[in-house]
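Worksheet: the structure to be examined is printed underneath.
The values are calculated or read from the model by the stated rules, or taken from the named source; none is laboratory data. Keep in mind the model is a prediction, meaning the values are calculated, not measured. Cβ atoms come from the backbone with ideal geometry, glycine included; neighbour counts cover every protein chain shown.
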């Protein structure tokens, strides 16, 4: 499913934001050490962040705005304590949502404990950002 269809899906109940400016996305790409997934960048072009239920663990997502990603990751010291990860949000609590960039793309989305940032404790969330996005606004069912 395309990111546009995911964003526009009226059955997915989550807080969408106004699109990111192209200059904000260009700045994020230039400031990142990683070649960010195209579907993540496309998401930002349609909704600059967002928040809501997540149909998979950790059951909630708070995606950072393009202008905030690098600053928040720096505040959390992701590069120092979890090298190989690119944080793009939280679960609204004690975990960061991040791409595990330690292998070749497409990178899986993981939840990292925000205190301690132990890479070995990264919990798999989805195989890639597209799969993650399809679960946004969905209720978790065990």
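Quick rundown of the values:
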{"quantity": "Which listed residue is in contact (Cβ under 8 Å) with a residue 60 or more places away in the chain, touching a strand residue (DSSP E or B) at 6+ places or on another chain (Cβ under 9 Å) and part of a loop (DSSP other than H, G, I, E, B), from 138, 102", "calculated": "138"}
{"quantity": "Set 72, 61, 43: member being outside any helix (DSSP H, G or I) and either in contact (Cβ under 8 Å) with a residue 40 or more places away in the chain or closer than 18 Å to residue 122 by Cβ (or both)", "calculated": "61"}
{"quantity": "Hits in region 115-130 (condition: over 22 Å from residue 5 (Cβ atoms) and either out of contact with any helix residue (DSSP H, G or I) (no Cβ under 6 Å at 6 or more places or on another chain) or in a helix (DSSP H, G or I) (or both))", "calculated": "115, 116, 118, 119, 120, 121, 122, 123, 124"}
{"quantity": "Matching option when the condition is assigned to a helix (DSSP H, G or I) and either in contact with a helix residue (DSSP H, G or I) (Cβ under 6 Å, 6 or more places away or on another chain) or surrounded by 13 or more Cβ atoms within 10 Å (Cβ to Cβ) (or both), among 111, 133", "calculated": "133"}
{"quantity": "Search result, residues across region 15-31 that are exposed (fewer than 14 other Cβ atoms within 10 Å of the Cβ) and either part of a loop (DSSP other than H, G, I, E, B) or at pLDDT below 95 (or both)", "calculated": "18"}
